[in-house]
Structure formats: C-alpha cells, structure tokens
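Before any comments, here is the structure.
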Amino acid sequence: RQLGCGMAVSVPGKAHFGQGHAPIWLDEVNCTGTEGAITECRLEPWGEHNCNHNEDASVVCSVCSLHTCCSPLCMMPLQAAVLGRYLLIYPFPSLEPTELRLVNGPNRCAGRVEVLHHQQWGSVCDNHWDMEDA
C-alpha cells in the first residue's frame with residue numbers, strides 16, 4: 001500500500017528475491033493489514049534483530065487495482081487545494097518518516113523489502129512476515 005502497488009498477492013519466504021547485504025533495519029514487523037505505511041506497524045527498535053539475511057522479507061503486489069492509481073504522479077503524496085470551485089491536486093514532499101522500496105524483483109511492485117534509515121538502505125528481516133505485514 002505504501003508504494004501504491006495495489007494489494008499483496010504473495011509473500012515468498014526465505015529471501016526469495018535474494019539476500020540483502022546492507023544492515024538489517026527492521027525485524028518482528030507486526031501489522032494488521034490496515035496501515036498505510038510500514039512505520040505504523042508494531043516494530044522492534046531500528047537495527048535490533050535476531051535474524052539474518054536468509055529471512056529477508058519479500059512481497060509480490062498486484063501492481064494496480066481498481067482503487068489504485070498507477071501513474072508516476074500517483075506514486076507521490078498529494079496535497080489538495082481549493083481554488084474557487086476547482087479542486088487542485090499536486091505533489092508535495094513526502095512527510096513519511098521512512099522510505100520503502102522493493103528490489104531484485106521483476107518490476108517495482110515485487111521484490112525484497114528495504115527501508116531507508118539514517119540515509120542507508122537496509123533489509124526487513126522477519127521469519128513471521130505475512131500478508132498483513134506486506
């Protein structure tokens with residue numbers, strides 16, 4: 001959801017899209033499936049983990065859905081402003097505390113989950129990663 005890629009359709013385990021080499025930033029991610037961003041889930045403190053890269057989290061998303069805009073403009077957070085009787089919608093810099101990406105997959109909506117922390121990309125490692133977490 002955070003990447004605008006529709007719903008998760010699978011969560012292949014055991015570092016399906018390859019093992020990361022960067023730090024493991026997140027472990028024990030526990031989501032309900034309703035969060036808009038990974039940082040809204042219950043998490044262990046940044047950098048604290050009890051796993052290794054063979055448990056790196058992966059996800060395959062539906063890419064687009066009826067309710068998901070897939071144009072590049074829609075991948076940015078939007079701000080709306082009313083001008084007269086027109087509603088203008090335009091991108092503004094993200095207020096998200098954590099950037100997220102999927103790497104080593106066949107497209108931008110499938111791959112190993114990585115998060116940006118202290119200006120360095122790192123892995124999400126979780127032996128209980130599931131559809132709600134994705």
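Which residues, counting only those in the range 43-55, are open to solvent by 50 Å² or more (accessible area, probe 1.4 Å) and either over 22 Å from residue 119 (Cα atoms) or in contact with a Gly (Cβ under 8 Å, 6 or more places away or on another chain) (or both)?
50, 54
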Only one of 34, 98 is within 21 Å of residue 126 (Cβ to Cβ), open to solvent by 80 Å² or more (accessible area, probe 1.4 Å), assigned to a loop (DSSP other than H, G, I, E, B) and modelled with pLDDT under 90, namely 34
Which ones in the range 20-31 are farther than 16 Å from residue 101 by Cβ and either of a type in the set (Lys, Arg) or surrounded by 15 or more Cβ atoms within 10 Å (Cβ to Cβ) (or both)?
27, 28, 31
Got a number for residues in the range 1-19 being open to solvent by 40 Å² or more (accessible area, probe 1.4 Å), modelled with pLDDT of 90 or more and assigned to a loop (DSSP other than H, G, I, E, B)?
2
Inspect all residues belonging to the range 62-84 and state whether any of them is β-branched (Val, Ile, Thr), open to solvent by 70 Å² or more (accessible area, probe 1.4 Å) and either part of a loop (DSSP other than H, G, I, E, B) or modelled with pLDDT under 90 (or both).
yes
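The values are calculated or read from the model by the stated rules, or taken from the named source; none is laboratory data. Worth saying up front: this structure is predicted, and the values here are computed from it rather than measured. FYI the Cβ positions are ideal-geometry reconstructions off the backbone, even for glycines, and counts take in every protein chain you see. We work out accessible area using only protein heavy atoms, side chains counted, and drop any ligands, DNA or RNA first. Shrake-Rupley method; radii C 1.70, N 1.55, O 1.52, S 1.80 Å.
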